[in-house]
Amino acid sequence: LRDSIITLTTDFGTQSVYVAVMKGVILGICPSVRLLDLTHEIAPQNLGHAAFFLATTIPYFPKTVIHVIVVDPGVGTERSLLYVNLDGRRLLVPDNGCWMELARRLGGCPEVIRLEDRRFWRTAISSTFHGRDILAPVAAHLSLGIDPHDLGPVADSWSDLKLPPPQLSADRLMGEVLFVDHFGNLITNISGESIAGLKGKVKILVTQHEIERQARTYGEVEPGSLLFLISSFGLLEIAERNGSAAKRLHAGAGTPVVVHKAQS
Amino acid sequence: LRDSIITLTTDFGTQSVYVAVMKGVILGICPSVRLLDLTHEIAPQNLGHAAFFLATTIPYFPKTVIHVIVVDPGVGTERSLLYVNLDGRRLLVPDNGCWMELARRLGGCPEVIRLEDRRFWRTAISSTFHGRDILAPVAAHLSLGIDPHDLGPVADSWSDLKLPPPQLSADRLMGEVLFVDHFGNLITNISGESIAGLKGKVKILVTQHEIERQARTYGEVEPGSLLFLISSFGLLEIAERNGSAAKRLHAGAGTPVVVHKAQS
Amino acid sequence: LRDSIITLTTDFGTQSVYVAVMKGVILGICPSVRLLDLTHEIAPQNLGHAAFFLATTIPYFPKTVIHVIVVDPGVGTERSLLYVNLDGRRLLVPDNGCWMELARRLGGCPEVIRLEDRRFWRTAISSTFHGRDILAPVAAHLSLGIDPHDLGPVADSWSDLKLPPPQLSADRLMGEVLFVDHFGNLITNISGESIAGLKGKVKILVTQHEIERQARTYGEVEPGSLLFLISSFGLLEIAERNGSAAKRLHAGAGTPVVVHKAQS
């Protein structure tokens, strides 16, 4: 328990009182737990962004860690809050499906418990901040070693959320930008495998720009040039060396991206 | 001492060398202390924002924690630096009153010590960065267990700072926006209790917009609708579901807000 | 090992999956290590900014800490990754010279090891994210106590990078803005010592504005006034009290700054 770690992933922003309040609640119950910020910059109430973030990052963490996720547009409505165990990886998360892409990526069968036992909650429960009132105290109690089955009943159904899958055909792939990183690189939902399936040289079409230069890394092209590559996470990424592809191409999350076979 | 925690609350910004430098100074004196960022995004030199942040967040923390606050427009002038003990909650803070709203909220009688003993400071003291030169090393020494009375003399007066109180009358309340959160929700200085005191249905007036829809939580209204609610901290909050009330209403910190009884 | 600390300094931004992934990889190898964010807001791929940040902050940390720096425009090219020991301060950093300003400031002779032994890397190495694949796992293994000489061969040459030095003459100094802080203060590359060398009253010229008011600290001048001072790090700093000198003077990193002797 000494080294137990709770991570926080929210859309609260870094200037927020909400994050500090959750940290206080957790430490009030379990002062020895170590807190780790994953991000507080999930786009506000954007479950797709949360799904991408969780599926990309959580697999790298050891199973000793408890992950608290607060992206919760349905706070205070009838939606449940869940404890999810994915082959030993433990999440506390609103029942909005944002963890399902991660679950599919990890495989196996999730164990899901609906948070219902108020013994592990704060005494007064607000309608707008269940991160403070329910998720934070439950995470702290879990890190103290309580049995997750004490939290509530096992659930056998829950909300799903799918990231938009690319459309595949024999000679092209139609997908979209999932995420624009800090450098302005466009991360798409098109996998390197599906591009390999086109067997041959390809071109990328984004916002009426055609990108022909495939590279292994940014430094292979001239500064200011556009390129595409298979990112370190196995997805098609469009970049400008020493610049922002997002600005150059006027593209953002949701922008359509087409991969088609180059004329040969 | 093993699990002692020092939190940092500043207006330095996250890209800042200043925060990293303070972390280095603290760890140089007490390598085993755990550091916790509350926020570094207090609006620059904005004592009202700091006062709201501290009053809202610090009550949730356990008393084992030491809180360092560096929002310090008077750095290098004659203003003092203080050790403040609020019924066991320990703060290190410039004497500018930004902790007084917290003190009033917690009640009780503060113990205040003026930092004067240079044994616990860095050797060279700059005129512009007392966070590094005084507050950080004093926090580290406190976490090592020194007696706070060694830090300097007990003070019997100090600066005060009051958040603007709402003006109350029999049929309306006139207040203002204290803080705009990351979602664009407007957090005001008008309490839920004072609104209940108006006994009956109320309407909100902000920047010439009238808001009639009171809700318990965001999800009760249609996407794009404005609503008001009593926030999870007991204050009037104006929001747009799935949007930013701040943008929609062209409102920000300091914008006047009026609550008046609805015609019946 | 209990209290070993790894700091992270990157240009990944706080919303980034990349930072969270690196934290996961490190904790997967060494679950008891404490992670500390220095900043993730180095200007994208800006080695000069990284050099200034490291030279300013690292000297304050104790030697027990391991510092990981990922500002890496050359990722995936032939550039090496380095373990650098500066009189006990340990860095893991791409071979792009961004640590050399720090090394010059600390003095002494660096011990440099080229990371080559893949035993301490992840199994699959991408071309675009060596922070995850090499630097994070190597940092974790170092915190577990491995001998740095197991990481690869000792290097006897490496890339250098110099921050632009000011030009000095008998009656004036020509430098530039190195960094604009969160308050809009302009931090220059002109040292207090070099200004003292001009022997007498000086004026500052920035973007065709002349600043004559030297102060010890901000609070000495009227709100809204421009001033210059020798910063807490010993460098010429140009500020506006309660405002942003950067906005007022339309200045940013790279803007020329001239110090000349005032007519007497």
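Details
- From C:Pro256, C:Pro223, residue being within 20 Å of B:Asp11 (Cα to Cα), out of contact with any helix residue (DSSP H, G or I) (no Cβ under 9 Å at 6 or more places or on another chain), open to solvent by 60 Å² or more (accessible area, probe 1.4 Å) and not charged (D, E, K, R): C:Pro223
- Sole residue being touching a helix residue (DSSP H, G or I) at 6+ places or on another chain (Cβ under 8 Å) and within 13 Å of another protein chain (Cβ to nearest Cβ), chosen from C:Ala246, C:Ala251, C:Ala239, C:Ala215: C:Ala239
- Taken over region B:101-135, the criterion of being assigned to a helix (DSSP H, G or I) and either more than 19 Å from the chain's Cα centre (by Cα) or among the hydrophobic types (A, V, I, L, M, F, W, C) (or both) is satisfied by B:Leu102, B:Ala103, B:Leu106, B:Arg118, B:Arg119, B:Phe120, B:His130, B:Arg132, B:Asp133, B:Ile134, B:Leu135.
- Checklist (1) within 14 Å of chain A (Cβ to nearest Cβ); (2) within 20 Å of the chain's Cα centre (by Cα); (3) touching a residue at least 24 places away in the same chain (Cβ under 8 Å) applied to B:Phe228, failing item: (2)
- Residue match in region B:208-221 (condition: at pLDDT below 95, within 16 Å of B:Met174 (Cα to Cα) and not in a helix (DSSP H, G or I)): yes
- Test: A:Gly234 is open to solvent by less than 30 Å² (accessible area, probe 1.4 Å), out of contact with any Leu (no Cβ under 7 Å at 6 or more places or on another chain), within 11 Å of chain C (Cβ to nearest Cβ) and on the phi > 0 side of the Ramachandran plot: yes
- Inter-residue pairs, beta-carbon under 8 Å, first in a loop (DSSP other than H, G, I, E, B) and in region A:162-185, second modelled with pLDDT under 90 and among the hydroxyl-bearing types (Ser, Thr, Tyr), 6+ apart: A:Asp181/C:Ser16; A:His182/C:Ser16
- Tally, over region C:79-119, of residues that are in contact with a His (Cβ under 8 Å, 6 or more places away or on another chain) and charged (D, E, K, R): 2
- Any hit, region A:199-216, residues being closer than 22 Å to A:His49 by Cβ and crowded, with 17+ Cβ neighbours inside 10 Å: yes
- Positions within region C:136-159 being part of a loop (DSSP other than H, G, I, E, B) and either within 16 Å of C:Ile66 (Cβ to Cβ) or out of contact with any Lys or Arg (no Cβ under 6 Å at 6 or more places or on another chain) (or both), in sequence order: C:Leu144, C:Gly145, C:Ile146, C:Asp147, C:Leu151, C:Asp156, C:Ser157, C:Trp158, C:Ser159
- The residues on offer are A:Ala262, A:Ala196, and the sole one that is touching an Asp or Glu at 6+ places or on another chain (Cβ under 9 Å), more than 23 Å from C:His130 (Cβ to Cβ) and surrounded by fewer than 18 Cβ atoms within 10 Å (Cβ to Cβ) is A:Ala262.
- Residues of region A:118-140 classified as open to solvent by 40 Å² or more (accessible area, probe 1.4 Å) and away from chain B (no Cβ under 14 Å), total: 2
- Which numbered condition B:Ser127 fails, given (1) touching a helix residue (DSSP H, G or I) at 6+ places or on another chain (Cβ under 7 Å); (2) among the small types (Gly, Ala, Ser); (3) within 30 Å of C:Glu240 (Cα to Cα): (1)
- Hey, B:Arg114 farther than 24 Å from A:Gly13 by Cβ, touching a Ser or Thr at 6+ places or on another chain (Cβ under 6 Å), touching a residue at least 40 places away in the same chain (Cβ under 8 Å) and surrounded by fewer than 24 Cβ atoms within 10 Å (Cβ to Cβ) or not: yes
- Odd one out for A:Leu82, checked against (1) under 16 Å from A:Lys63 (Cα atoms); (2) at pLDDT 95 or above: (1)
The values are calculated or read from the model by the stated rules, or taken from the named source; none is laboratory data. Just so you know, these numbers come straight off a predicted model, no measurement behind them. No Cβ is skipped: glycine too gets one built from the backbone with ideal geometry, and neighbour counts run over all protein chains shown. All accessible areas refer to the heavy atoms of the entire protein, side chains included, with ligands and DNA or RNA removed. Shrake-Rupley method; radii C 1.70, N 1.55, O 1.52, S 1.80 Å.
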